[in-house]
Amino acid sequence: MITPLDVTDRTLAERLLTIQHAAYAVEAELIGFDGIPPLQEDLDGLMSSTEHWLGRYDGNTLVGAVAYEVSADTVEIDRLIVDPAHARRGHGRALLDHLDRIEPRPISQVSTGSANPPAVNLYKSRGYTPVGEVEVASGIYITQFRRAS
């Protein structure tokens, strides 16, 4: 089940933050950089997020989420997180598919660590193409992806 999330709900936000930290810890290890902002975020920061959030549940357990922003012609995916204990089971893809259905826009954008093969491959498999690369720390690159419909 996928449903909108209210990140002002403290209990929900605590679970979401646990997933976020675990997911970004995996990315940090893959890319060799632990300065990823969502990895450093605290509960107050998450609860004050102005992004839209969708959560993926396996039964009653929140296992992943996507945070995004929309404008008239663009959806910007800010975070896609899946609990590492539930990874590689299609939860991230399901969240992105659901987002495409409920927020159709001509343009979709996302960024991820260039040295994060699972994320890079997921976005490429969904029709995203690399449009740029940014060095965020010495030798650490983020690839920016874009998909036009």
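The values are calculated or read from the model by the stated rules, or taken from the named source; none is laboratory data. None of these values were measured; they are calculated from a predicted model. Glycine also receives a Cβ, built like all others from the backbone with ideal geometry; neighbour counts cover every protein chain displayed. Accessible surface areas use protein heavy atoms only, side chains included; no ligands, DNA or RNA. Shrake-Rupley method; radii C 1.70, N 1.55, O 1.52, S 1.80 Å.
General remarks:
- Sequence-separation-based contact order of the chain, relative, with Cα cut under 8 Å and 6+ spacing, percent: 20 percent
- Residue-normalised accessible area of segment 1-118, expressed per residue, 1.4 Å probe, Å²: 49 Å²
- Ordering THR8, PRO117, ALA137 by Cα displacement along the dipole of the chain toward the positive end leaves PRO117 in first place; charges were set at the Cβ atoms of Lys, Arg (+1) and Asp, Glu (-1).
- Using a simple spin-label model with pseudo-atoms 7 Å out from Cα toward Cβ, ALA148 and LYS124 lie 2.1 nm apart.
- Of the whole protein surface, HIS86 contributes about 40 Å² of accessible area at a 1.4 Å probe radius.
- Calculated SAXS-style log₁₀ I(q)/I(0) at q = 0.17 Å⁻¹ - segment 1-121, Debye, Cα scatterers: -0.85
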